[in-house]
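For reference, the structure discussed in these notes is given below.
The values are calculated or read from the model by the stated rules, or taken from the named source; none is laboratory data. These numbers were taken from a predicted model, which means no experiment stands behind them. Positions of Cβ are backbone-derived with ideal geometry, glycine not excepted, and every protein chain shown enters the neighbour counts. These accessible areas exclude ligands, DNA and RNA; they are computed on the full protein's heavy atoms, side chains included. Shrake-Rupley method; radii C 1.70, N 1.55, O 1.52, S 1.80 Å.
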Amino acid sequence: GIFFPLYLFRRRRESDCMTSPLRLLAFALLLAPSLLPAAENQRFTLERPYPVAEIPEPDRSLPVTNVILMIGDGMGIHHLSAAWAANRGRLFIENCPVTGISKTWCADKLVTDSAAAGTAMATGTKTLYHRVAVCPKGNRLDSLVDKAADMGKSTGVIATCELNDATPASFCANNEKRSDAYGIIGDYPRSRADFIFGGGGKYFTQGYRVARTWEEAGALPPGKTLAVTAPGNLPPPSKRGDVFRQAALKALDTLSRNPDGFFLMIEGSNIDKAAHSNNLEEMMEELLDFDRTAGAVLDWASKHPGTLVVITADHNTGAFALTGGSREKGEITARFGSGSHDGVAVPVYAFGAGSGAFTGIYENTAIFSKIMDAFKKGAGKPVR
């Protein structure tokens, strides 16, 4: 118990206790950690699991023509373990035969944010917290969108957040402040992305001709496409429906018409936002929708040899823990330890041509380097 230590503590001069009442409480809690409030367990049950098919990987030794980079914002192995249990022990991501581990720290902090982490993957450079495709010295950086366009490839960016948010901005804009929404949106007309889908329509008020609904976007002919289907972030899957997967498939249909290939970044942005607010149900919705979209992407890649798919995260969010449940019933109990990011390394999954390069433990900047190496090795080599 804590009574004996407290008694001794009170034997000190009365003035000491009067001038520092919080010291007494801190001392008591240090001696009795069991009295600290525990994080609250939350429960989630997936009532209708979705079937997961086995997707055969095509020959990974083929030259790489197309690259699809999927980023689950805030999605660590703990989050994926919860999604796996909820869907009765199956995920589409498990079709990836190659796995690795990515270290997420940024240039000035051990625990990164999405801007610095997105910049690392998009440009191959570790930068300062909150910077978007700008190096620590303040110079603008070219992203994989720019590099792929230089090779004559088509390019695309898909996100479920506002397009001025950190990750899509890292591929389409340059700014020292991720919070400069209008400055970032102002870079989009200069972006070399051919297909852009996301939210943030409230920022696209002048000088743009955009598809404002998915129905409008889906009906657009192949070509330069900007679809901004929500005024802010896209609503959760229970309200937005299947548009994330549809957008991915529309982008693949559009970009793959280029015989020189393409680069496409797809972000499940709102996994992170739900984890920040410790909203288990919404986070699970987003995770499972991300996995279903990954299933559609992997199925497409399986049928198009020469395509590399990389699936990873920018960082972990929420100090999330799977604490119990039943895989057979699709029930999980879990809790969040914080509403912030943490510095734990994240998983990397790879599938298709060139996937073997993604095994091992490496910096998040290596994702850029490995993709660029794959493109360079595949340049001018037709898929047989």
Scanning region 109-133 for residues that are more than 17 Å from Asn164 (Cβ to Cβ), surrounded by fewer than 22 Cβ atoms within 10 Å (Cβ to Cβ) and not hydroxyl-bearing (Ser, Thr, Tyr) gives Lys109, Leu110, Val111, Lys126, Leu128
I'd like to check something: does region 275-285 contain any residue that is over 20 Å from the mean Cα position of the chain (by Cα) and surrounded by fewer than 24 Cβ atoms within 10 Å (Cβ to Cβ)?
no
Looking at region 308-324, which of its residues are more than 16 Å from Ala294 (Cβ to Cβ) and either assigned to a strand (DSSP E or B) or open to solvent by 10 Å² or more (accessible area, probe 1.4 Å) (or both)?
Asn316, Thr317, Ala319, Phe320, Ala321, Leu322, Thr323, Gly324
Could you identify the single residue in Ser355, Ser302 that is within 22 Å of Gly268 (Cβ to Cβ) and in contact with a Cys (Cβ under 8 Å, 6 or more places away or on another chain)?
Ser355
Could you tell me how many of the residues in region 333-384 are in a strand (DSSP E or B), touching a His at 6+ places or on another chain (Cβ under 7 Å) and not aliphatic (A, V, I, L, M)?
1
Which of the residues that make up region 333-377 are more than 23 Å from Trp84 (Cβ to Cβ), acidic (Asp, Glu) and touching a residue at least 24 places away in the same chain (Cβ under 8 Å)?
Glu363
Against the definition (out of contact with any Gly (no Cβ under 8 Å at 6 or more places or on another chain) and either more than 29 Å from Gly124 (Cβ to Cβ) or surrounded by 18 or more Cβ atoms within 10 Å (Cβ to Cβ) (or both)), how does Ala83 come out, yes or no?
yes
When residues of region 66-97 are limited to those that are touching a Lys or Arg at 6+ places or on another chain (Cβ under 8 Å) and hydrophobic (A, V, I, L, M, F, W, C), the one nearest to Gly156 (Cα to Cα)
Phe92
Those helices (runs of 4 or more DSSP H) lying entirely in region 120-219 with at least 1 residues of a type in the set (Val, Ile, Thr) and within 16 Å of Ala251 (Cα to Cα):
144-150
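Of the residues in region 148-174, how many are farther than 30 Å from Lys239 by Cβ and touching a residue at least 40 places away in the same chain (Cβ under 8 Å)?
7
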Confirm whether Lys202 is under 22 Å from Gly295 (Cβ atoms) and of a type outside the set (Ser, Thr, Tyr).
no
All-but-one check, His78 against (1) part of a loop (DSSP other than H, G, I, E, B); (2) more than 25 Å from Phe263 (Cα to Cα); (3) open to solvent by 60 Å² or more (accessible area, probe 1.4 Å); (4) of a type outside the set (Lys, Arg), failing number (1)
Regarding region 314-330, can at least one residue be identified that is in contact with a strand residue (DSSP E or B) (Cβ under 6 Å, 6 or more places away or on another chain), in contact (Cβ under 8 Å) with a residue 12 or more places away in the chain and more than 28 Å from Ser340 (Cα to Cα)?
no
Step by step: first the residues of region 195-212, then only those that are modelled with pLDDT of 80 or more and either in contact with a helix residue (DSSP H, G or I) (Cβ under 8 Å, 6 or more places away or on another chain) or over 19 Å from Phe171 (Cα atoms) (or both), then the one that is most open to solvent (accessible area, probe 1.4 Å). Which residue is that?
Lys202
